[in-house]
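This report concerns only the one structure given below.
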Amino acid sequence: QVQLVESGGGLVQSGGSLRLSCAASGTIFGFGAMGWYRQAPGKQRELVATITRVGSPNYADSVKGRFTISRDNAKNTVYLEMNSLKPEDTAVYYCSAGGFYGSSFRSDYWGQGTQVTVSS
């Protein structure tokens, strides 16, 4: 098993930035990919971004050009840099570890989540 702990959430104004961190208790290199999900009130869980073990990223259309996912394998940490934040980005953000099955990302482990609130 692996334990994932998110941090860095908070309250920001529209147009602001936040950097989320996901620290893993074990090596993240053993997983095919890491990802960030978000869950907003009244909306389904959305896969925001993924990054493979060698650093290839992918993004949801809703955040493309604004968010950047990165990883530090030596520190077993995954980051999500969020820029030009909008109120629609308000959600609980979850870090996950898993892999791609076919073309779809599947999560095997989840963090507790961190709240991101963007005010207008």
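On the basis of the beta-carbon distance and an R0 of 41 Å, V5 and S84 show a calculated FRET efficiency of 0.95. Close amide H pairs (under 5 Å, H built 1.01 Å from N) link G113 with E6, C95, residues at least 5 positions away or on another chain. Placing a label point 7 Å from the Cα of D72 along the Cα-to-Cβ direction, the residues of region 23-37 with a backbone N closer than 13 Å are 23-24. Ordered from longest to shortest, the equivalent ellipsoid semi-axes for region 53-101 are 21, 12, 12 Å, each the square root of 5 times a Cα gyration tensor eigenvalue. Accessible surface calculations at 1.4 Å, restricted to protein heavy atoms, place the chain at 52 Å² per residue.
The three principal axes of the Cα atoms in the chain give end-to-end lengths of 40, 28, 24 Å, sorted in falling order. Our coupling estimate for region 70-85, obtained by passing each phi through the Karplus curve with A = 6.51, B = -1.76, C = 1.60 and θ = phi - 60°, is 8, 8, 10, 5, 5, 9, 6, 9, 10, 10, 9, 8, 10, 10, 6, 5 Hz, Gly and Pro reported as x.
Note that region 29-40 has calculated 3J(HN,Hα) couplings of 5, x, 9, x, 7, 10, x, 10, 10, 9, 10, 9 Hz, one per residue in order, obtained from phi through the Karplus relation 6.51 cos²θ - 1.76 cosθ + 1.60 (θ = phi - 60°); glycine and proline are x. Measuring nothing but how far apart in sequence close Cα pairs (under 8 Å, 6+ apart) lie, relative to its length, the chain scores a relative contact order of 35 percent.
The values are calculated or read from the model by the stated rules, or taken from the named source; none is laboratory data. Given the structure is predicted, the values throughout are model-derived calculations rather than measurements. We place every Cβ from the backbone using ideal geometry, glycine too, and count neighbours over all the protein chains shown. Heads up: the accessible areas ignore ligands, DNA and RNA and are worked out on the full protein's heavy atoms, side chains in. Shrake-Rupley method; radii C 1.70, N 1.55, O 1.52, S 1.80 Å.
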